[in-house]
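Take a look at the structure set out below.
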Amino acid sequence: MSLAPSDAGRAAARAASARSRSLWADARRRLLANRAAVASMALLATIALACVAGPWLSPHGYDQVYRDYVKVPARLAPYPSPEAVGPALENALRRARVEIEDWRVAEGRLRVTLTAERAIDPRLTRYLDRADLFEDAAVVERADDSRRLVMEAAIRQHVFAFGTDANGRDLLTRTLIAGRISLMIGLLATGVALVIGVAYGAVAGYFGGRIDAVMMRLVDILYSLPFMFFVILLVVFFGRSVVLMFIAVGAVEWLDMARLVRGQTLAIKQQEYVQAAQALGVDSAGILRRHIVPNALGPVAVFMTLLVPKVILLESFLSFLGLGVQEPMTSWGVLIAEGARNIQGAPWMLIYPSIFLAATLFCLNFIGDGLRDALDPKDR
């Protein structure tokens, strides 16, 4: 069965278009056809956007402490609850040496009647203003030579969608600010490991021989050095810096990346298309750039998705030792560690940071699988 001239022309055009597509254009088309990878990229972008813009939009500062709201559960209804106003009022006026004769709440305002055996100082309104539940307290009535006062104050309403932590800080804001640190750790440390490891491993594997032996023996020497000793030396000489810690982590994690890329390069350089490029006179830099590195990126992409959670956990360990993120800043790893210590009385402290971290890791895994499939030369 022969094709019509128009059909044959369209088939030839499609074939020519397929031949003219570059490696990256073809990989991008394959990646966008992977629904799981696209959905993961969208979710990861949403998480990143929330972590970047969320703390600016939140009414609570990530380091703002609410002493009256320590370890309160997560809920969308505003605090305080009606039954919490009375105990909070008694606690705020405990040092004022007055008796609460009556109080009531109407339309978001508190009206309280106070009595004492002597004249009451009207400046006691500051006791209410210092509490987290009340604001704009003022004396509205006086009687019995100021031994009886009536005060009014507005009730501050706060929404803690994720609850609060052990210090009374909004967990939603702290989870989002922690996401900045954790995602920045993953990007910077993995980026450092990617650049150094891919370049180093590709050169060592491609040239082989004595160059490969010397370069990989250097990797073995660096493997033998204690990582913590290396980080402590950097902190001593250059001072405590989060960016410096990212560079230190990436400068060590590139060793595994270099071994992986070297192994891929040893296999790829034996392929016919690499030998054909050598026969055509393409220089070594061109072969590495156009054939070796692009075809090694599939396993590298998968390894990167495993490297990000490893770096996040490593950062948590360094922060625990005092070499990483310091209060009041935090990260997902630190929040999860704090939540694990308070899981019996405040499980939400563990649940919400874990959800963010788990969702991020799932997205990275799906994206890594999509990149592996898109860059695999056997599927093209």
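Name every residue in region 315-339 that is part of a helix (DSSP H, G or I), modelled with pLDDT of 80 or more and buried (at least 21 other Cβ atoms within 10 Å of the Cβ), in order of residue number. It would help to see each step written out before you state the result.
Residues of region 315-339 part of a helix (DSSP H, G or I): 315-320, 332-339.
With modelled with pLDDT of 80 or more added as a condition, the list becomes 332-339.
Trp332, Gly333, Val334, Leu335, Ile336, Gly339, listed by residue number.
Could you grab me the full set of residues in region 152-169 that are assigned to a strand (DSSP E or B) and surrounded by fewer than 20 Cβ atoms within 10 Å (Cβ to Cβ)? Break it down stepwise before answering.
So the first thing to find is which residues in region 152-169 are assigned to a strand (DSSP E or B), and the list is 152-155, 158, 164.
Passing the criteria: Glu152, Ala154, Ile155, His158.
Taken as a whole, the condition of being open to solvent by 70 Å² or more (accessible area, probe 1.4 Å) and at pLDDT 80 or above does not apply to Arg240. Any residue in region 277-289 that is farther than 13 Å from Ile185 by Cβ and β-branched (Val, Ile, Thr)? Yes: one or more hits.
When we screen Glu135, Glu90, Glu117 for residues that are assigned to a strand (DSSP E or B), of a type in the set (D, E, K, R) and open to solvent by 30 Å² or more (accessible area, probe 1.4 Å), the only hit is Glu135. Scanning region 107-128 for residues that are out of contact with any helix residue (DSSP H, G or I) (no Cβ under 9 Å at 6 or more places or on another chain) and within 19 Å of Arg156 (Cβ to Cβ) yields Glu107, Gly108, Arg109, Arg111, Thr125, Arg126.
Just one of the listed residues (Leu128, Leu149, Leu172) is in a helix (DSSP H, G or I), modelled with pLDDT of 85 or more, open to solvent by less than 10 Å² (accessible area, probe 1.4 Å) and over 30 Å from Leu288 (Cα atoms), and it is Leu128.
For region 32-59, the set of residues classified as touching a residue at least 24 places away in the same chain (Cβ under 8 Å), open to solvent by less than 50 Å² (accessible area, probe 1.4 Å) and either among the aliphatic types (A, V, I, L, M) or assigned to a helix (DSSP H, G or I) (or both) consists of Ala36, Ala37, Ser40, Leu44, Ile47, Ala48, Ala50, Cys51, Gly54, Pro55, listed by residue number.
Against the condition under 30 Å from Ala161 (Cβ atoms), out of contact with any helix residue (DSSP H, G or I) (no Cβ under 7 Å at 6 or more places or on another chain), assigned to a helix (DSSP H, G or I) and free of Cβ contacts under 8 Å to residues at least 40 places away in the same chain, how does Ile351 come out, does it pass? Quick ask: steps written out before the conclusion?
Numbers: under 30 Å from Ala161 (Cβ atoms): yes; out of contact with any helix residue (DSSP H, G or I) (no Cβ under 7 Å at 6 or more places or on another chain): yes; assigned to a helix (DSSP H, G or I): yes; free of Cβ contacts under 8 Å to residues at least 40 places away in the same chain: yes.
For Ile351, the condition - under 30 Å from Ala161 (Cβ atoms), out of contact with any helix residue (DSSP H, G or I) (no Cβ under 7 Å at 6 or more places or on another chain), assigned to a helix (DSSP H, G or I) and free of Cβ contacts under 8 Å to residues at least 40 places away in the same chain - is met.
Any chance you could count how many residues in region 354-364 are among the aliphatic types (A, V, I, L, M) and touching a helix residue (DSSP H, G or I) at 6+ places or on another chain (Cβ under 7 Å)?
First pass over region 354-364, keeping only residues among the aliphatic types (A, V, I, L, M): 355, 357-359, 361, 364.
Among the residues that remain, those that are also touching a helix residue (DSSP H, G or I) at 6+ places or on another chain (Cβ under 7 Å) are: 357, 359, 361, 364.
So the count comes out to 4.
From the list Val85, Val139, the lone residue that is among the β-branched types (Val, Ile, Thr), touching a Ser or Thr at 6+ places or on another chain (Cβ under 9 Å) and on the phi < 0 side of the Ramachandran plot is Val139. Residue check: Glu272 meets all listed conditions (1) within 19 Å of the chain's Cα centre (by Cα); (2) open to solvent by 50 Å² or more (accessible area, probe 1.4 Å); (3) not hydrophobic (A, V, I, L, M, F, W, C) but one, namely (1). Evaluate the following for Phe303: is it open to solvent by 60 Å² or more (accessible area, probe 1.4 Å), at pLDDT 80 or above, under 24 Å from the mean Cα position of the chain (by Cα) and over 26 Å from Asp63 (Cα atoms)? So Phe303 does not fit the description; no. Do you know which of the residues in region 94-114 that are within 30 Å of Arg169 (Cβ to Cβ) and at pLDDT below 85 is surrounded by the most Cβ atoms within 10 Å (Cβ to Cβ)? Among those residues, the one meeting the criterion is Ala96.
Look at region 75-92: where a residue is under 25 Å from Tyr352 (Cβ atoms) and a partner is exposed (fewer than 13 other Cβ atoms within 10 Å of the Cβ), sitting 6+ places away or on another chain with Cβ atoms under 8 Å, you get Pro78/Gln157; Tyr79/Gln157; Pro80/Gln157.
Among the residues making up region 357-377, a single one is crowded, with 21+ Cβ neighbours inside 10 Å and over 18 Å from Ala301 (Cα atoms): Leu357.
Ser284 meets all of the listed conditions (1) over 21 Å from the mean Cα position of the chain (by Cα); (2) open to solvent by less than 10 Å² (accessible area, probe 1.4 Å); (3) in contact (Cβ under 8 Å) with a residue 60 or more places away in the chain but one, namely (2).
Any residue at all in region 60-81 that is in a helix (DSSP H, G or I) and open to solvent by 70 Å² or more (accessible area, probe 1.4 Å)? No, the conditions are met nowhere in region 60-81.
The values are calculated or read from the model by the stated rules, or taken from the named source; none is laboratory data. Remember, predicted model here, so these are calculated numbers, not experimental data. Reconstructed Cβ throughout: ideal geometry from the backbone, glycine too, with neighbour counts over all protein chains shown. Note: accessible area is taken over every heavy atom of the protein model, side chains too, but ligands, DNA and RNA are not part of it. Shrake-Rupley method; radii C 1.70, N 1.55, O 1.52, S 1.80 Å.
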